[in-house]
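Below: one structure, written as structure tokens.
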Amino acid sequence: MVKERKLAPIRLDSYQPLREVVADALREAIRKGILEPGERLMEINLAEELGVSRTPVREAIRKLELEGFVVMMPRRGTYVSEISIRDINEVFEIRTSLETLSSGLAAERITAEELETLQRLLVEIGRYIDEGDMEKIVETDMRFHDLLYQASRNSRLVGVINNLREQLTRFRTTSMSYPGRLKETLKEHRAMVEAIAQGNVKDAQKAAKTHMEKSEQTLLNSMEVEKTRKKLESKGTL
């Protein structure tokens, strides 16, 4: 029986080095759940599915290991990493502090143009929520946060936050799909923008902290729901 293809062949017309293109493709597959947590990654199979040689696949996997997307186990192979509750707690402890700092700095340093763009993005997110377009919601939410980081005017801070955020990005859609979370997120975003617009550092920090705490709890709840669903599926009750 022919194995069903999971990954689409990559386009070779990119200006990026091939290893970067492969890394992007594998990262996106992990984010979307095409490559699932705990799944073993075989270089030869990935190379065949993506339509490339094994060398860029090997280089891409090393990059993804540094980013926390995969784990390489001696004599056992490479697997899509599974994130534990402890991992989530540790990441959010750091990220909450950094997001709080970033929002406070944005309240002091944001430009009028950036503020206007933030407000426009909130309107877009609200529209996509009404339309039920999850892909656009996630995309616009990331643009919203990227602009907030930019408004902090601290490039090193932005780099550290993005690295931490990258480790949890693959769970973003699952978290946002949790009942009621989308409207809560929009409300939390509005509180952040209102505080920043008023130049109120303390309220901006408080709003960012609240947003991160609720995001963490929602992610944990979503993971528990998914864990229960898989158990029921394995028992044949779903």
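Since every read-out is calculated from the coordinates, none of them should be taken as a lab result. Small disclaimer: the values here were computed from a predicted structure and weren't measured. Please note: Cβ atoms are built from the backbone with ideal geometry, for glycine as well, and neighbour counts cover all protein chains shown.
In table form, for the structure just shown:
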| read-out | value |
| --- | --- |
| Label-point gap, in nm, between GLU135 and MET72 - each point 7 angstrom along Cα→Cβ | 3.3 nm |
| The range 56-134 versus the range 143-216: alpha-carbon centroid distance in Å | 10 Å |
| Top of PRO17, PRO179, PRO37 by mean-square fluctuation, Gaussian network on the chain, Cα under 10 Å | PRO17 |
| Mean separation of Cα contacts under 8 Å (6+ apart) over length of the range 119-202, as relative contact order % | 33 percent |
| Cα-based reach from LYS136 at 22 Å (exclusive), listing lysines while leaving out same-chain residues under 8 positions away | LYS32, LYS183, LYS187, LYS214 |
| Percentage relative contact order, the range 18-80, counting C-alpha pairs under 8 Å, at least six apart | 42 percent |
| Residue order, fewest to most surrounding Cβ atoms within 10 angstrom, among ILE85, ILE137 | ILE85, ILE137 |
| Partners for LYS206 among aspartates and glutamates (Cα-Cα distance below 17 Å; same-chain residues under 8 apart left out) | GLU93, GLU99, GLU108, GLU184, GLU188, GLU194, GLU216 |
| Label-to-label distance, nm, for residues given as ILE85 and ARG229 (7 Å Cα→Cβ offset) | 2.0 nm |
| Cα gyration tensor, the range 1-77 - rounded (a/c under 1.5), prolate or oblate | rounded |
| Stretchable slack from THR111 to THR55, in nm (0.36 nm times residue separation minus alpha-carbon distance) | 15.7 nm |
| Phi-based couplings in Hz for the range 69-80 (Karplus 6.51, -1.76, 1.60; Gly and Pro marked x) | 7, 10, 10, 9, 10, x, 6, 10, x, 10, 10, 5 |
| Relative contact order of the chain, defined on C-alpha pairs under 8 angstrom at six or more residues apart (%) | 21 percent |
| Packing-based exposure ordering (other Cβ within 10 Å, fewest first) of LEU220, LEU121, LEU46 | LEU220, LEU121, LEU46 |
| Additional length obtainable on full extension of the chain from GLU166 to MET42, 0.36 nm per residue less Cα span | 42.3 nm |
| Filter on LYS209/LYS230; LYS6/LYS63; LYS6/LYS235 - keep pairs with C-alpha separation over 23 Å | LYS209/LYS230; LYS6/LYS235 |
| Which label in [x] 15.5; [y] 19.4; [z] 13.9 gives the computed mean projected area of the Cα convex hull in nm² | [x] |
